[in-house]
Amino acid sequence: GDPGAEAAQKIRTSDGQLWHRLGDLGYLEDDGRVYVVGRINDTVQRRGRSLYPLVVEPLVEQLPFVRRCGLVGHPRKGMNRSIVAYEPVEPGARRRERREREETIRAECDRIGVIVDQVVVVDRIPMDPRHNGKVQRDELAEACRRQLGWPDRRTL
């Protein structure tokens with residue numbers, strides 16, 4: 001019953017169809033398939049490109065040493081930085097192995113044109129308790145910021 005909220009969440013097309021805005025981003029292929037790439041608010045802007053979590057995360061999560069992954073952004077030195085954080089299947093890798101894993105993640109992301117500024121190993125990827133497949137990005141970004149020693153984004 002709130003006309004303002006309804007106007008913000010409902011879109012009527014020129015032919016009269018009514019669409020409900022969900023906050024997800026996606027695209028329609030010529031064959032009629034719809035591909036969802038992530039939430040609007042979760043998109044990381046980097047060097048004029050949009051980086052989408054649901055493109056990056058499944059790519060990284062298919063690696064044998066990754067249990068879960070999360071893509072987040074952080075403003076740093078005047079531009080957003082992209083951070084790929086991952087929870088390893090087996091923690092405690094040696095420095096050389098961590099470096100090799102980071103190189104593998106960067107290579108996979110580079111293959112699809114995704115710029116990765118930082119790869120961070122975390123104990124766990126924080127997940128929404130109501131939706132086991134939904135990364136709690138604010139919490140993850142804060143954990144990465146602290147681990148990297150970067151300033152709080154509110155002070156930038």
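Values computed for the structure shown
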| quantity | calculated |
| --- | --- |
| Extension reserve of the S14-L63 stretch, reckoned as 0.36 nm per residue once the Cα distance is removed | 13.1 nm |
| Simple label model, 7 Å out from Cα along Cβ direction - V36 to D110, nm | 3.2 nm |
| Among [x] 9, 31, 30, 19, 8, 3, 1; [y] 8, 22, 19, 16, 14, 9, 6, 4, 2, 0; [z] 9, 34, 32, 16, 7, 1, 0, the entry that matches P(r) over Cα pairs in 10 Å bins from 0, in percent as calculated here | [z] |
| Accessible surface of M79 - all protein chains present, 1.4 Å probe, nearest 10 Å² | 80 Å² |
| Total formal charge among the other residues, if their Cβ is under 14 angstrom from that of G23, Lys/Arg +1 and Asp/Glu -1 | +3 |
| Rounded to the nearest 10 Å², the accessible area of L28 at probe 1.4 Å | 120 Å² |
| Convex hull per residue volume in Å³, alpha carbons only, for region 31-111 | 126 Å³ |
| For T13, solvent-accessible area (1.4 Å; no DNA, RNA or ligand), Å² | 50 Å² |
| Portion, in percent, of the accessible area of the chain that falls on carbon or sulfur, probe 1.4 Å | 46 percent |
| Accessible area expressed per residue, the chain, with surrounding protein chains retained (probe 1.4 Å, Å²) | 66 Å² |
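The values are calculated or read from the model by the stated rules, or taken from the named source; none is laboratory data. A quick note: this is a predicted structure, and the numbers were derived from the prediction, not measured. Ideal geometry is used to build each Cβ from the backbone, glycine not excepted, and the neighbour counts take in all protein chains shown. Each accessible area value is taken on the protein alone, full model and side chains, heavy atoms only, with ligands, DNA and RNA left out. Shrake-Rupley method; radii C 1.70, N 1.55, O 1.52, S 1.80 Å.
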